[in-house]
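Before any comments, here is the structure.
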Amino acid sequence: MWKKTSIIVTMANDNYPNGKRAKTFNNIVEKPTEEQIALFTQGLLMLSDGDLLYGTEVIKHNTLDVK
């Protein structure tokens, strides 16, 4: 059974240690579309201080009932 979906967004910027920073966003919709992810990351880029998008990872968390 679906529990939650998380997205890890990795941004690149010379201001970050090692030049990259990953941020996890929890409680995203169950099945985000590529368009939704693109709009979300575009918003983050607009609010950033010169960051570049390095990558995204969608993680679906499910619960399993053991009987």
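The values are calculated or read from the model by the stated rules, or taken from the named source; none is laboratory data. Values in this document were obtained by computation on a predicted structure and should not be read as measured data. Counting neighbours? That spans all protein chains shown, and the Cβs are built from the backbone with ideal geometry, glycine included.
Quick notes on this one:
- In the range 12-32, the residues that are closer than 11 Å to residue 51 by Cβ and of a type in the set (D, E, K, R): 14, 20, 21, 23
- Qualifying position, being loosely packed, with under 14 Cβ neighbours inside 10 Å and assigned to a loop (DSSP other than H, G, I, E, B), among 60, 67, 3, 23: 67
- Per-region count, the range 1-47, residues in contact (Cβ under 8 Å) with a residue 24 or more places away in the chain, closer than 30 Å to residue 65 by Cβ and of a type outside the set (A, V, I, L, M, F, W, C): 7
- There is at least one residue in the range 36-54 that is loosely packed, with under 12 Cβ neighbours inside 10 Å, among the small types (Gly, Ala, Ser) and closer than 12 Å to residue 11 by Cα.
- Number of the exception - residue 28 against (1) at pLDDT 95 or above; (2) surrounded by 13 or more Cβ atoms within 10 Å (Cβ to Cβ): (1)
- The set of residues in the range 7-25 that are at pLDDT below 95 and within 28 Å of residue 62 (Cβ to Cβ) is empty.
- Only residues that are touching a Phe, Trp or Tyr at 6+ places or on another chain (Cβ under 8 Å) and either in a helix (DSSP H, G or I) or not charged (D, E, K, R) (or both) were counted across the range 9-20, and they come to 4.
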